[in-house]
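Beneath this line is the structure, given in structure tokens, with notes to follow.
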Amino acid sequence: MGRPFRLRRSKIHGTGVVATRTIRAGRRIIEYIGERITHKEAERRYSVKAKDDSHTFLFTISSRHVIDAGVGGNVARFINHSCDPNCEAVIERGRVFIETVRAIAPDEELAYDYNIGREDNDPPNVEKIFGCHCGSKKCRGTMITPLDDD
Ligand SMILES: [Zn+2]
């Protein structure tokens with residue numbers, strides 16, 4: 001059957017990943033791969049959080065490490081953020097897997113909540129820099145983790 005998804009121009013942002021057939025809830029669909037680097041190295045590569053798409057190819061896996069999907073990444077790096085996502089990123093022993101959290105219809109875009117963490121050196125407009133246009137009713141307007149998220 002092959003992969004149940006493909007790349008397509010996204011309504012949310014740039015290039016996205018859409019389902020090519022129905023995908024059931026709870027399915028592991030792809031591993032988010034790339035080069036495993038430290039936060040320090042990520043900062044060196046991409047300076048501070050800039051309005052730069054390359055930064056969203058970074059996936060934080062721990063307080064020490066991130067995956068840089070800009071280096072050796074696969075199509076998982078094109079899965080967009082949504083505030084009301086149909087997928088989630090599951091971290092397992094330092095590896096990241098994208099899994100469906102509900103059934104997905106053909107042509108529906110796959111998305112997960114990036115939940116980008118806040119850092120001390122963030123610019124005051126960090127929520128705007130990582131503004132969200134997912135279009136869902138639950139959209140919080142940013143990919144940054146909400147402050148009141150305990
Ligand atoms: Zn949103």
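For this structure, a couple of remarks:
- The set of residues in the stretch 59-88 being small (G, A, S) and within 16 Å of the ligand (Cβ to nearest atom) consists of S82 alone.
- Criterion: among the acidic types (D, E), modelled with pLDDT of 95 or more and open to solvent by less than 60 Å² (accessible area, probe 1.4 Å) - qualifying residue of E35, E31: E31
- Residue in the stretch 50-60 that is open to solvent by less than 30 Å² (accessible area, probe 1.4 Å) and either out of contact with any Gly (no Cβ under 8 Å at 6 or more places or on another chain) or modelled with pLDDT of 95 or more (or both) present: no
- Leading residue by the ranking (nearest to the ligand (Cβ to nearest atom)) among those in the stretch 137-149 that are at pLDDT 90 or above and more than 16 Å from the chain's Cα centre (by Cα): K138
- Some residue of the stretch 102-112 being at pLDDT below 95 and either away from the ligand (no atom under 12 Å from the Cβ) or open to solvent by less than 80 Å² (accessible area, probe 1.4 Å) (or both): no
- Count - residues of the stretch 113-130 that are surrounded by 14 or more Cβ atoms within 10 Å (Cβ to Cβ) and touching a Ser or Thr at 6+ places or on another chain (Cβ under 6 Å): 3
The values are calculated or read from the model by the stated rules, or taken from the named source; none is laboratory data. Note that the structure is a prediction, hence the values are computed from the model and not measured. With ideal geometry, Cβ positions are generated from the backbone for all residues, glycine too; neighbour counts draw on all protein chains shown. For accessibility, only protein heavy atoms count, side chains too; no ligands or nucleic acids. Shrake-Rupley method; radii C 1.70, N 1.55, O 1.52, S 1.80 Å.
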